[in-house]
């Protein structure tokens, strides 16, 4: 439901906001990547790796550490918002008049976030995933409603910032209501606060690298392309990354605590990671490449050509995020196993891959004859995708080697899922196009609705058949690893016994 709400919010944003307004929000995230580079000091990475009894011993000192850093983030973000005109002298893009207001809302979220984080992490460590799922559903629905109201009333970039900030406040109220936050969490623990920077040294490194990779990259992109192009790129990036946000965020919160129970048992660790690898390499490409298949007709249906310039960028980014999503999913298990140095290395590589590819692409775009004939958005998306693909393959190769995956099995999984999804995507688009032409469908939104429906139905039918009859063993293993309700449902859908 949370990811469905994210997609619904994306549709609303596409309807009401301009590319410049979306670019403002992306630029604000880039600035937050500097002012809040430490995030919550690695606490969101460290806490899910703890067993319940460890959590209660550590939580007070860790919470106070997170609060100190989050308040500093809020203060620095407000300072930047006030100082934006002067920062332009140092090459920081100043966006439009809405940028300071967006930064103020991001600062508000930074204040509330550590309080909500403690409650969420306690529920996760205690495996109260049902309570979290219900809370996330409520938050998601309210976030969509807020996005609709603010966007409809002409809020511009604030239609992204206000729901993002208030959803954290709503989450805080929710986790308090279901017992995730306790009064004892707020008692001073100066001893725990003193040792927190030492205990969280590697998680802090991971958090900083994640911030540089996820947020600071938009500041780097904003420095080399126009605000409008940045907005179109961010719009394409968000769409292409819907599967990443759906799978990575959900699975990291589940896999981290689950793998913590295997910590120290090498064969159990290896077995669990092999299962994660096989399932991810089958199901991630199915979702990422589905976005590429559906986007052209869905764009005409929902936005009437307003975001057509993002089409090529979506193709590139869907390809790049396929392997990057699988690599991101592995962050949860690594954190659960407390392999913080490995996680830090992964995030460093991702950051270098994305930011480095952006800067290299900018140099090529401006210096190589003929390169400037391509769209800024498409060229940026292509370079970012290549960087993501290269780093993700290195990461997956490291995991396969370190945990002694069978080489032929690893290579088969790396190739099979993406190939299957690519062929299915091409086939579904071809079928839809042929049907569209043969029946002489209208070119407007009704025609786009028909084409989108055919692509969707064809893709789902073909991929279900392909997975059921070409990857049954991986399918069974993945379904067995899921919680009981989801496992039972998918067993019926695929006709398994």
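Of the residues making up region 301-313, those that are part of a helix (DSSP H, G or I) and buried (at least 22 other Cβ atoms within 10 Å of the Cβ) are 310, 313. Given the criterion over 28 Å from the mean Cα position of the chain (by Cα) and buried (at least 20 other Cβ atoms within 10 Å of the Cβ), identify the matching residue among 432, 406, 421, 392. None of the others qualify; the one that does is 432.
Listed here are the residues, each with its yes/no results for (1) touching a helix residue (DSSP H, G or I) at 6+ places or on another chain (Cβ under 7 Å); (2) over 14 Å from residue 193 (Cα atoms).
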| site | (1), (2) |
| --- | --- |
| 28 | yes, yes |
| 37 | yes, yes |
| 54 | no, yes |
| 57 | no, no |
| 62 | yes, no |
| 74 | yes, yes |
| 79 | no, yes |
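No other residue among 156, 179, 95 is assigned to a loop (DSSP other than H, G, I, E, B), assigned by TED's automatic domain parsing to the domain that holds residue 34 and modelled with pLDDT of 85 or more apart from 156.
Rundown of residues vs (1) in contact (Cβ under 8 Å) with a residue 12 or more places away in the chain; (2) surrounded by fewer than 22 Cβ atoms within 10 Å (Cβ to Cβ), yes/no style:
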residue	(1), (2)
131	yes, yes
145	no, yes
153	no, yes
156	yes, no
159	yes, no
171	yes, no
175	yes, no
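Is it the case, given these coordinates, that residue 40 is over 23 Å from the mean Cα position of the chain (by Cα) and at pLDDT 75 or above? So residue 40 does not fit the description; no. Close Cβ contacts (under 6 Å, 6 or more residues apart or on different chains) running from residues in region 306-330 that are on the phi < 0 side of the Ramachandran plot to residues that are not in a helix (DSSP H, G or I) comprise 321/241. A count restricted to region 42-75 and to residues that are surrounded by 24 or more Cβ atoms within 10 Å (Cβ to Cβ) and either part of a loop (DSSP other than H, G, I, E, B) or in contact with a strand residue (DSSP E or B) (Cβ under 6 Å, 6 or more places away or on another chain) (or both) stands at 1. Among the residues of region 456-471, are any at pLDDT 70 or above, within 24 Å of residue 333 (Cα to Cα) and touching a helix residue (DSSP H, G or I) at 6+ places or on another chain (Cβ under 7 Å)? Yes, there is a match, as at least one residue in region 456-471 is at pLDDT 70 or above, within 24 Å of residue 333 (Cα to Cα) and touching a helix residue (DSSP H, G or I) at 6+ places or on another chain (Cβ under 7 Å).
Here the condition is being surrounded by fewer than 22 Cβ atoms within 10 Å (Cβ to Cβ) and either touching a helix residue (DSSP H, G or I) at 6+ places or on another chain (Cβ under 9 Å) or part of a helix (DSSP H, G or I) (or both); of 214, 196, 207, 229, it holds for 214 alone.
Residue 338 passes every criterion in (1) touching a helix residue (DSSP H, G or I) at 6+ places or on another chain (Cβ under 9 Å); (2) free of Cβ contacts under 8 Å to residues at least 24 places away in the same chain; (3) not in a helix (DSSP H, G or I) apart from (2).
The values are calculated or read from the model by the stated rules, or taken from the named source; none is laboratory data. All of these numbers come straight from a predicted model, not from anything done at the bench. Every residue, glycine as well, gets a Cβ built from its backbone with ideal geometry; the counts of neighbours run over all protein chains shown.
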